[in-house]
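Since every read-out is calculated from the coordinates, none of them should be taken as a lab result. Predicted model only: the values in this text are computed from it and were never measured. No Cβ is skipped: glycine too gets one built from the backbone with ideal geometry, and neighbour counts run over all protein chains shown.
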Amino acid sequence: MKTTHSHHQKEMKPINRKALRAMRGKDFLNTTHYSREQLEALHALAFQLKHAHLYGSGTPPLLEGKTLAMVFEKPSTRTRVSFEAGMFGLGGHALYLDAQKTQMSRSEDWQDTARTLSGYTDAIMARVYEQRTLETLAKYSPKPVINGLSNSLHPCQILSDLFTIREHFGKLEGVHVMYSGVVDNVAYSLALGCAQLGVDFTLATPRMFHTNQAIWKQAQTIAKKSGSLMQHFDSMPPAKVLKSVHVAYTDEWESMHMKLDKAKLFPTLSKYQVNEKLLAQCAKGAMAMHCLPAIKGEEVNSSVMYSKHSLVWPQAQNRMYVQQALLVALLGDLDSKSSE
Ligand code: CP
Ligand code: NVA
């Protein structure tokens, strides 16, 4: 079979159903609201769903009759399609709602939107500007609310990316991830996720961009417990640090909610580009990652994205399987017959 997948991981630990059952009916606004055991159980379920879909008996209809409302204040390709195709695959249904095409454009508020949508659907996924919008949705929706990206965090992305890293390297313990470029929602969620799952994390970003000290402190506190190494450099790290890096991760310099003078910043930021030259200074077998969309020639170069040192495409595809696992945990019945 023609496939773009990494197959270093051959099998997964049995699914910790008890850990997943405790997620039922809850929101997913941040990975830190869940334990390491629960995140690992989601990975185990995602592994099973992926293998059933690609090589087994097909995706079980674990969400038959369930509907997900998806509200977007910002554009999306991956998040929208992976959630929609993921719901469909599980026997459910997803609705795309451009916030500007709803009554919110005429100033209906999030509270009333949450009360209304949760009356029709089984969960709400939202991509918003402010994290507190998600908190408002969660407060007024009795059904689970999922963070599909905010200005501060992108937890679905990172839950999935850690799955991709585990899949490729066969483990998370001992893996060292470096994020270089402009630090933002993806990078801060990555710091938190790495800290939770015991992955070493290096942040290489000019100090002027390292603004969310609260999240960084939280990641450091979590890392003390898990044993992850957390470090920040306001330049590219020295050779001896790079030598231990297994994953070089980056994201667009200018997020959807930002405005940067990229022409002026180019000489500074281009030093943080993820490319083959950087991978050559990292550990043997080091891989490039990017959440996408990418601006080729800025934070990443095009050749590394399509090289054998790229995890970018399995990374994008795995979003669907990991979010399916999340949806099953939050909305599904893990004790039903079709989940066996
Ligand atoms: N990575 C990601 O969330 O992509 P989209 O903006 O296309 O959803
Ligand atoms: N940091 C980017 C991620 C896009 C998926 C943004 O917020 O635009």
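Structure summary
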{"item": "Value of Rg/Rh across segment 171-282 [Cα atoms, Kirkwood radius]", "result": "0.96"}
{"item": "Rg to Rh quotient for segment 48-133, alpha carbon positions, Kirkwood Rh", "result": "1.05"}
{"item": "Förster radius 45 Å - calculated FRET efficiency between K296 and K139 (Cβ-Cβ, nearest 0.05)", "result": "0.65"}
{"item": "Taking only Cα atoms of the chain, radius of gyration then Dmax in Å", "result": "19.4, 59"}
{"item": "Violating pairs (Cα-Cα greater than 24 angstrom) within the set K139/K259; K271/K308; K18/K50", "result": "K139/K259"}
{"item": "When each of K74/K101; K26/K217; K262/K296; K13/K143 is checked by Cα-Cα distance, pairs over 20 Å", "result": "K26/K217; K13/K143"}
{"item": "Degrees between helix 185-197 axis and first principal axis of the chain (Cα, 0 to 90, nearest 10)", "result": "90"}
{"item": "Point-to-point label distance, K26-Q213, nm (Cα→Cβ direction, 7 Å offset)", "result": "3.0"}
{"item": "Phi to ³J(HN,Hα) by Karplus 6.51 cos²θ - 1.76 cosθ + 1.60 over segment 176-184, Hz, x for Gly, Pro", "result": "10, 9, 10, 10, 10, x, 8, 7, 7"}
{"item": "Karplus-derived HN-Hα couplings along segment 95-105 (A = 6.51, B = -1.76, C = 1.60, θ = phi - 60°), whole Hz, x at Gly and Pro", "result": "10, 8, 10, 7, 3, 5, 9, 9, 5, 5, 5"}
{"item": "Modelled FRET efficiency - R0 30 Å, S105 with T77, Cβ distances, 0.05 increments", "result": "0.85"}
{"item": "Inter-part distance where segment 121-144 and segment 253-271 are each reduced to a Cα centre, Å", "result": "30"}
{"item": "Residue-averaged 222 nm ellipticity for the chain, from DSSP H runs of 4+ at -39500 (n - 2.57), nearest 500", "result": "-12500 deg cm²/dmol"}
{"item": "Reference-scaled alpha-carbon Rg (2.2 N^0.38 Å with N residues) for segment 279-340", "result": "1.61"}
{"item": "Sequence-distant residues sharing a close amide H with N301 (under 5 Å, placed H)", "result": "V274"}
{"item": "Fewest-first sequence of L327, L20 by Cβ atoms within 10 Å of each Cβ", "result": "L20, L327"}
{"item": "Cross-link partners of K284 among aspartates and glutamates (Cα-Cα below 15 Å; sequence separation of 8 or more within a chain)", "result": "E276"}
{"item": "Cβ crowding within 10 Å averaged over residues, with 130-141, 83-94 ranked highest first", "result": "83-94, 130-141"}
{"item": "Packing-based order for 231-239, 74-82, using average beta carbon neighbours within 10 Å, highest first", "result": "74-82, 231-239"}
{"item": "The chain: most fluctuating residue of R106, R17, R127 per GNM, C-alpha cutoff 10 Å", "result": "R106"}
{"item": "Stokes-Einstein translational diffusion, segment 13-64 - Kirkwood Rh over all Cα pairs, 0.692 mPa s, 37 °C, in µm²/s", "result": "273"}
{"item": "Hz values of 3J(HN,Hα) by residue in segment 300-305 - Karplus curve (6.51, -1.76, 1.60), Gly and Pro given as x", "result": "8, 9, 5, 5, 5, 4"}
{"item": "Isotropically averaged projected area of segment 96-255, using the convex hull of Cα atoms (one quarter of hull area), nm²", "result": "10.8"}
{"item": "Length gained when the stretch H51-L229 is fully extended (0.36 nm per residue, less Cα-Cα span)", "result": "60.9 nm"}
{"item": "As computed over segment 1-158, the Cα convex hull volume per residue (Å³)", "result": "128"}
